[in-house]
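Encoded as structure tokens, the structure appears first; notes follow it.
The values are calculated or read from the model by the stated rules, or taken from the named source; none is laboratory data. What you see is a predicted model; the values in this text were computed from it and never measured. Counting neighbours? That spans all protein chains shown, and the Cβs are built from the backbone with ideal geometry, glycine included. Surface areas here come from the heavy atoms of the whole protein model, side chains and all, with no ligands, DNA or RNA. Shrake-Rupley method; radii C 1.70, N 1.55, O 1.52, S 1.80 Å.
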Amino acid sequence: MPASDKHPNYTASLPQWKLVRDCVEGAPAIEKGGVKYLPRPNAGEYTYETDVRYQQYLKRASFVSFTSSTLEGLLGMVFRKHSEIELQSSIEYLKDNATGSGISLDQMARSSLSSVLQCGRHGFLVDYPEATEGLSVQSVSSLGLRANILPYRAENILNWQVVTINGITVLSLVTLC
């Protein structure tokens with residue numbers, strides 16, 4: 001399968017992920033979904049009058065976001081205690097700025113768990129700038145070479161393949177959006 005293809009599991013899961021994400025977002029996303037989430041009562045009859053009636057039907061519809069409340073409750077249970085993060089001193093900076101854009105490891109953990117609870121998966125790409133081999137710790141620091149952990153939502157991991165090497169399943173291909 002070429003890297004440009006979408007994994008069959010991705011294609012099959014995408015509509016369900018969209019539904020769950022919309023339910024978590026709440027009424028505005030559900031209303032924006034229109035006939036996808038609230039079908040027209042008279043689907044065969046499309047006239048100006050039925051359209052006006054449908055728009056009124058949409059305005060009267062209510063959506064209670066139990067999905068969002070459940071998600072927040074689960075996240076609250078997991079993060080009710082402060083996280084204890086222990087890192088080697090050389091990568092201690094990741095605690096406060098894991099992504100390079102100011103997001104801490106604690107914030108990233110919460111966001112990632114939220115995504116996993118919604119879609120069942122989430123990805124990370126750890127990126128480190130190219131550097132010549134054998135640099136001292138002082139040189140690395142003066143050059144500002146820092147690792148970044150980039151989060152990827154399930155919807156942005158389009159394709160993947162795994163292989164088994166010596167009984168261990170290893171990721172051999174990932175296509176990211």
query = Going by alpha carbons, how many degrees (0 to 90, nearest 10) lie between the helix axis of 66-78 and the longest principal axis of the chain?
reply = 20
task = Report, to the nearest 10°, how far helix 105-119 tilts away from the longest principal axis of the Cα atoms in the chain, using its own Cα long axis and a range of 0 to 90°.
result = 40
task = About the Cα centre of the chain, how large is the charge dipole given +1 on each Lys and Arg Cβ and -1 on each Asp and Glu Cβ? Please answer in debye to the nearest 20.
result = 620
key: Under 22 Å from K81, Cα to Cα: lysines that are on another chain or at least 8 residues apart   = K95
key: Charge dipole magnitude, Cβ of K and R +1, D and E -1 - the stretch 1-78, Cα centre, debye nearest 20   = 40
ask   = Cα to Cα, under 13 Å, and not fewer than 8 places away if on the same chain: which aspartates and glutamates meet these conditions relative to K59?
value = E31, D51
message = I'd like the carbon and sulfur percentage of the solvent accessible area for the stretch 88-141, probe radius 1.4 Å, heavy atoms only, ligands and nucleic acids excluded.
response = 51
query = Using the heavy atoms of the protein chains alone and a 1.4 angstrom probe, what is the accessible area of the chain per residue in square angstrom?
reply = 70
request  = Counting other Cβ atoms within 10 Å, keep those with at most 15, restrict to DSSP loop, and tell me which chymotrypsin sites (Phe, Trp or Tyr not before Pro) in the stretch 3-54 are left.
outcome  = Y46
remark   = Asserting the computed 222 nm helical MRE of the chain (DSSP H runs at least 4 long, -39500 (n - 2.57) per run, divided by residue count, to nearest 500) equals -13000 deg cm²/dmol
request  = Note the full-extension length gain between N156 and L58 as 0.36 nm times their separation in residues minus their Cα-Cα distance, in nm to one decimal.
outcome  = 32.2 nm
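If I take every Cα pair under 8 Å that is 6 or more residues apart in the chain, average their sequence separation and divide by the length, what percent do I get for the relative contact order?
Relative contact order, the chain: 24 percent.
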Descending semi-axes in Å of the stretch 2-98, equivalent ellipsoid built from Cα gyration tensor = 42, 21, 11
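Ranked by accessible surface with a 1.4 Å probe, highest first, in what order do C119, C177 come? Write out the running numbers ahead of the final one.
Details: C119 20, C177 105 Å².
Accessible-area ranking of C119, C177, largest first: C177, C119.
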key: Between helix 8-25 and the chain: long-axis angle, C-alpha atoms, 0 to 90°, nearest 10   = 70
task = Mind grabbing the base-10 log of I(q)/I(0) for the stretch 89-177 at q = 0.11, 0.13, 0.23 Å⁻¹? Debye formula, identical points on the C-alpha positions, no solvent, two decimal places.
result = -0.43, -0.59, -1.12
key: Nearby lysines by direct alpha-carbon distance to K6 (threshold 24 angstrom, same-chain neighbours under 8 apart not counted)   = K18, K36
key: DSSP-loop GluC sites (Glu not before Pro) across the stretch 8-61, with at most 15 other Cβ within 10 angstrom   = E45
Those residues of the stretch 53-70 whose amide nitrogen sits under 12 Å from the label point placed on E45, 7 Å along Cα→Cβ = 53-54
key: Table column - 3J(HN,Hα) (Hz), the stretch 86-96, Karplus curve with 6.51, -1.76, 1.60, x for Gly and Pro   = 10, 10, 5, 4, 5, 10, 4, 4, 5, 4, 9
remark   = Candidate cut points under GluC sites (Glu not before Pro) in the stretch 75-122, DSSP loop plus at most 11 other Cβ atoms within 10 Å of their own Cβ, are E84, E86
ask   = Residue separation times 0.36 nm, minus the C-alpha to C-alpha distance between I103 and L75: what's the value?
value = 8.3 nm
task = Tell me which residues come under 5 Å, amide H to amide H, from N159 once H is placed; ignore anything under 5 positions away on its chain.
result = H7, T175
key: Stokes-Einstein D for the chain, Kirkwood Rh over Cα pairs, 25 °C, 0.890 mPa s (µm²/s)   = 121
request  = Name the residue, out of I30, I85, I149, whose mean-square fluctuation peaks in a Gaussian network model built on the chain with Cα pairs under 10 Å.
outcome  = I85
